[in-house]
């Protein structure tokens with residue numbers, strides 16, 4: 001394991017150099033199953049710069065979650081190369097370079113919200129005072145101050161997911177990987193959380209990689225939208241989303257927004273994503 | 001149960017008490033009828049020997065329920081025997097059921113504690129090593145296919161030969177039975193965390209040890225308590241079985257054995273009921289421990 005100083009050096013190097021935060025080239029991943037090989041990802045080329053908000057969008061089975069899991073070192077690619085902060089995903093994971101938010105909040109039911117957020121901090125071996133400070137700071141960031149002593153079941157689904165975002169942020173990573181974090185929530189809560197997430201991103205200047213299957217969500221949040229298509233999972237198109245940084249939900253009615261949404265929809269259609277629906 | 005101000009809970013509590021009472025009454029009624037029928041043959045024999053022909057039904061029934069060595073003693077005979085051998089005897093007396101219960105209970109508890117610890121250790125090894133999973137699990141299952149009555153005397157004899165006697169050999173038979181549900185339940189419990197929770201620990205780059213303490217162990221506790229409830233009940237069975245080949249000196253098993261030597265069916269049944277009561281009490285204690293722990297963890 002690397003020392004804290006080495007990790008900091010690594011982060012600084014990554015930020016100072018013009019090298020992209022994530023660099024993927026000719027990456028493929030094939031799962032061997034009983035029915036023969038499944039090409040989950042094929043020939044992926046992608047680079048994500050520091051401060052980007054990148055969304056992966058595509059129908060189920062296009063490999064968007066798998067690609068995110070490769071970045072997080074939860075899956076190993078079978079071919080090609082990938083670097084995260086200039087090192088292999090495994091080293092990036094050991095450096096705790098990213099925070100990962102899952103589809104479900106995955107809070108431990110026997111821990112209070114505060115203790116759930118403390119979980120990665122305990123694993124990192126931070127002292128009590130530092131833990132307490134980080135818990136407070138991140139609960140405030142996701143507007144959950146005052147809920148530190150509550151158990152997960154005492155919170156609504158949206159609040160639980162916010163707590164899980166606070167837990168990911170508590171590690172103080174430069175990179176936030178989010179796998180359909182709001183997929184299970186109703187639209188009103190989802191809109192609200194999208195707005196909060198955008199503010200958070202603007203405030204903290206983190207790099208975010210976000211998996212979604214909602215076009216409006218992708219356009220609303222992203223600076224870059226990666227359209228994937230299935231069988232084999234591959235990148236169909238990368239669409240720049242140059243709307244202003246401080247967006248509000250109203251922006252979804254503007255012609256610029258609708259134009260980009262239209263391009264994403266066309267991209268998904270052209271990728272034959274709907275052929276067998 | 002009857003929380004004041006909560007009519008629903010009170011109703012549920014009342015109806016539950018009612019249901020339990022009805023079943024209890026039914027069992028006692030069936031027991032009495034069975035006792036009359038089963039003891040009839042011997043009673044008829046007695047009257048024939050005494051040359052008594054004219055016996056009223058009332059007298060006959062009363063006689064069947066108060067024989068000295070009935071085939072099936074009546075409930076009041078058993079309760080009377082339990083009362084005489086607990087409340088009316090000094091606890092240090094060899095004829096006190098409290099004394100014998102304590103012998104069996106202490107064996108049970110020692111065997112249960114060792115069995116639970118053994119089960120937990122085996123489960124931890126199995127979960128963390130593929131080789132041990134493949135090699136240990138079949139033997140653990142095989143161990144339980146051997147009838148305990150067959151292996152109990154062997155264990156006692158072998159341990160006596162190496163100089164271990166007294167409580168421990170009997171406790172080992174309890175251990176032999178009680179480690180099994182704990183090993184199986186705990187293995188399942190330690191493997192119960194979802195893939196997503198395991199992935200989460202990986203994203204934090206947690207080591208195996210941290211995953212164990214912070215995720216696997218807390219997740220396994222409900223499973224552990226469930227298997228401990230089974231384990232403590234069969235630990236008692238093990239303790240009783242363990243007392244049989246030791247020459248029936250003391251313990252509930254000894255009472256059962258000496259009762260059967262001398263045809264003391266009342267004594268057998270009183271030891272039997274005491275054992276059942278003891279098992280129920282032990283399971284209830286584990287259950288309370290379970291509820292308190294899970295409540296403190298915020299799980300219930």
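The values are calculated or read from the model by the stated rules, or taken from the named source; none is laboratory data. These figures come from a predicted structure and were not determined experimentally. FYI the Cβ positions are ideal-geometry reconstructions off the backbone, even for glycines, and counts take in every protein chain you see.
Within region A:125-145, if we keep just the residues that are within 14 Å of chain B (Cβ to nearest Cβ) and more than 21 Å from the chain's Cα centre (by Cα), the residue that is nearest to residue B:207 (Cα to Cα) turns out to be A:125. Within region B:60-71, being buried (at least 20 other Cβ atoms within 10 Å of the Cβ) and either part of a loop (DSSP other than H, G, I, E, B) or in contact (Cβ under 8 Å) with a residue 60 or more places away in the chain (or both) holds for one residue alone: B:70. For beta carbons closer than 9 Å, sequence separation of 6+ or different chains, a first residue in region B:195-219 that is more than 16 Å from residue A:90 (Cα to Cα) and facing chain A (nearest Cβ under 7 Å) and a second that is at pLDDT 95 or above and assigned to a helix (DSSP H, G or I), there are no qualifying pairs.
Test residue A:37 against the stated conditions and say whether it is at pLDDT below 90 and part of a loop (DSSP other than H, G, I, E, B). If you could, list the steps in order and put the result at the bottom.
Values: at pLDDT below 90: yes; part of a loop (DSSP other than H, G, I, E, B): no.
Answer is no for this residue.
Here residue A:173 clears all of (1) surrounded by fewer than 24 Cβ atoms within 10 Å (Cβ to Cβ); (2) in a loop (DSSP other than H, G, I, E, B); (3) away from chain B (no Cβ under 14 Å) except the condition numbered (3).
Inspect region B:173-186 for any residue being in contact with a helix residue (DSSP H, G or I) (Cβ under 6 Å, 6 or more places away or on another chain) and either within 14 Å of chain A (Cβ to nearest Cβ) or surrounded by fewer than 22 Cβ atoms within 10 Å (Cβ to Cβ) (or both) and give the result as yes or no. Looking through region B:173-186, none of the residues is in contact with a helix residue (DSSP H, G or I) (Cβ under 6 Å, 6 or more places away or on another chain) and either within 14 Å of chain A (Cβ to nearest Cβ) or surrounded by fewer than 22 Cβ atoms within 10 Å (Cβ to Cβ) (or both).
For residue B:192, the conditions (1) more than 9 Å from every other protein chain (Cβ to nearest Cβ); (2) in a helix (DSSP H, G or I) all hold with the exception of (2).
Among the listed residues B:205, B:220, which satisfies the condition of being at pLDDT below 95 and under 20 Å from residue B:133 (Cβ atoms)?
Details: B:205 fails: under 20 Å from residue B:133 (Cβ atoms).
Of the residues listed, the single one that is at pLDDT below 95 and under 20 Å from residue B:133 (Cβ atoms) is B:220.
Please report, ordered by residue number, the helices (runs of 4 or more DSSP H) entirely within region A:43-127 with at least 3 residues that are without any contact (Cβ under 8 Å) to a residue 60 or more places away in the chain and farther than 24 Å from residue A:239 by Cα. Spell out the reasoning first.
On the way: elements: A:64-71, A:89-94, A:113-124.
Counting at least 3 such residues, we get A:89-94, A:113-124.
Count, please, the residues in region A:199-217 that happen to be under 21 Å from residue A:20 (Cα atoms) and surrounded by 18 or more Cβ atoms within 10 Å (Cβ to Cβ). Of the residues in region A:199-217, 7 are under 21 Å from residue A:20 (Cα atoms) and surrounded by 18 or more Cβ atoms within 10 Å (Cβ to Cβ).
So that you can scan it fast, the table gives a plain yes or no per residue for (1) more than 10 Å from every other protein chain (Cβ to nearest Cβ); (2) over 25 Å from residue B:212 (Cα atoms); (3) modelled with pLDDT of 90 or more:
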| residue | (1), (2), (3) |
| --- | --- |
| A:63 | yes, yes, no |
| A:68 | yes, yes, yes |
| A:71 | yes, yes, yes |
| A:76 | yes, no, no |
| A:84 | yes, yes, no |
| A:87 | yes, yes, no |
| A:101 | no, no, yes |
| A:107 | no, no, yes |
